[in-house]
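Working notes, structure below.
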Amino acid sequence: MVSLDEAVIVRLKSHGETFEIYVDPDLALSYKGGEPVPLGDVLAVQTIFKDAGEGDKASAEAMTAVFGSTDFQTVVSGILKKGELHLTTEQKKKMSADRWKQVVDIIARNAINPQNGKPHPPARIDSAMAEARVEVTINKSAKEQVEDVLHKLKPLLPIRFEKINAAVKASAQNAPRIYQILREFGDVRKEEWVGSECITLLEIPAGVQDEFSLKLNNATHGDIQIKFLRDKDVPR
């Protein structure tokens, strides 16, 4: 839960009534964008105010008149979806920079250069976005903006989203150590034991090949075999 010092106010004015709640600005924007964020995580204070500055609570009559209910979750959800998020200039600047970085990270993890099959470094994507004069808004999630950004990058960069297959062979000793790592990076398609070794076939975003290999090698001190496969080479 965000502290009150870092929280901002969402204000809704409707039917002559005013409702205010203290929220985590990042989570509030995510919730407004349709992401499944628990309301308890969004709120800094579990209270619905008429005037947050004065500490005046909203009345049950006002809630019923506007929302048709006094249910806390229903009212808070309505305020978040329809209300206005009040941010300072510094908060807007920080959130804008964070959202930009989130877009860069998503593209870097999922995209490759189709000319050589290799990922684009985040710095190259960042530079191309600036050159293309991409505008990233804090009012939408990073995921919602990626497709439009990718479209603007294509005249400047050979780029496309792609997934690749990875075959990983680990010893009985190392298999438990990499179990969670494999599932964090992709979708496991097949897993089988051959003697004392576990062979896992999974699909991962093309842009994370280096990070994937590094984490597995670190977890096993290099005692692992990793092979990236094209679709035609994947065992059926």
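The values are calculated or read from the model by the stated rules, or taken from the named source; none is laboratory data. The shown structure was predicted, so the numbers you read here are calculated from the model rather than taken from an experiment. Glycine also receives a Cβ, built like all others from the backbone with ideal geometry; neighbour counts cover every protein chain displayed.
Here are the numbers:
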{"quantity": "The listed residue being closer than 30 Å to residue 194 by Cβ, over 21 Å from the mean Cα position of the chain (by Cα) and free of Cβ contacts under 8 Å to residues at least 40 places away in the same chain, out of 132, 166, 170, 175", "calculated": "175"}
{"quantity": "Every residue from the stretch 128-175 that is in a loop (DSSP other than H, G, I, E, B) and under 18 Å from residue 206 (Cα atoms)", "calculated": "154, 157, 158, 159, 162"}
{"quantity": "Filter pass, residue 104 being modelled with pLDDT of 90 or more, out of contact with any strand residue (DSSP E or B) (no Cβ under 9 Å at 6 or more places or on another chain), under 30 Å from residue 129 (Cβ atoms) and β-branched (Val, Ile, Thr)", "calculated": "yes"}
{"quantity": "Selection count, the stretch 1-18, where residues are of a type in the set (Ser, Thr, Tyr) and over 23 Å from the mean Cα position of the chain (by Cα)", "calculated": "2"}
{"quantity": "Counted residues, the stretch 13-26 - those being buried (at least 20 other Cβ atoms within 10 Å of the Cβ) and either touching a residue at least 24 places away in the same chain (Cβ under 8 Å) or not assigned by TED's automatic domain parsing to the domain that holds residue 72 (or both)", "calculated": "6"}
{"quantity": "Residue in the stretch 71-92 that is under 21 Å from residue 136 (Cα atoms), assigned to a loop (DSSP other than H, G, I, E, B) and β-branched (Val, Ile, Thr) present", "calculated": "yes"}
{"quantity": "Options 189, 183: the member that is outside any strand (DSSP E or B) and either surrounded by fewer than 16 Cβ atoms within 10 Å (Cβ to Cβ) or not aromatic (Phe, Trp, Tyr) (or both)", "calculated": "183"}
{"quantity": "Some residue of the stretch 121-128 being of a type outside the set (Ser, Thr, Tyr) and closer than 30 Å to residue 81 by Cα", "calculated": "no"}
{"quantity": "Filter result for the condition that a residue is of a type outside the set (D, E, K, R) and in contact with a Phe, Trp or Tyr (Cβ under 9 Å, 6 or more places away or on another chain), over 175, 130, 219", "calculated": "175"}
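This table checks each residue for (1) free of Cβ contacts under 8 Å to residues at least 12 places away in the same chain; (2) outside the structural domain of residue 187 (by TED's automatic domain parsing); (3) surrounded by 17 or more Cβ atoms within 10 Å (Cβ to Cβ); (4) not small (Gly, Ala, Ser).
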position: 43; (1), (2), (3), (4): no, yes, yes, yes
position: 48; (1), (2), (3), (4): no, yes, yes, yes
position: 59; (1), (2), (3), (4): yes, yes, no, no
position: 78; (1), (2), (3), (4): no, yes, yes, no
position: 109; (1), (2), (3), (4): no, yes, yes, yes
position: 122; (1), (2), (3), (4): no, yes, no, yes
